[in-house]
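We did not get these values from a lab; they are worked out from the coordinates using the rules stated. Remember, predicted model here, so these are calculated numbers, not experimental data. Note that each Cβ is placed from the backbone with ideal geometry, even for glycine, and that neighbours are counted across all protein chains shown.
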Amino acid sequence: MQKLFVTVLILFLLSGCGTDYHSNTITLASQNKEKVIETEAIYIGLIDSHSIEVFINKEPYALQINEAQQEIAEKLPTKKRISIKYYYDKKTTQYQLLSIQQKGD
């Protein structure tokens, strides 16, 4: 009985290891059956500490970002082309950024 308890406890503790925000975001998008969109955009800049503005097909979009993405976005030059992956979260009614990368001009 004690061996079973220890085994279950170890499995429970290990189940939380090895996750990061990015994989959780992708999993969340998959679980909500949201369509992940991959496209090019023009980076306008940070709106605040948790969102950026981009132009996609000449239309402005506000995308929610996490802390790691904020650090990347702070270093990007404005009015330049970027590659992004994002999805629309129906629960929060906001666009969520999954990845961002500067394009070479």
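Observations
- Cut-off 13 Å between beta-carbons: net charge of the residues surrounding Ala73, Lys and Arg +1, Asp and Glu -1: -3
- Sites matching trypsin sites (Lys or Arg not before Pro) across segment 33-105 that sit in DSSP coil, with at most 13 neighbouring C-beta atoms within 10 Å: Lys33, Lys35, Lys58, Lys79, Lys90, Lys91, Lys103
- Subset of Lys58/Lys90; Lys35/Lys103; Lys35/Lys75; Lys75/Lys103 violating a 21 Å alpha-carbon distance limit: Lys58/Lys90; Lys35/Lys103; Lys35/Lys75
- Cα→Cβ-extended label distance, 7 Å offset, between Ser83 and Ala68, nm: 1.8 nm
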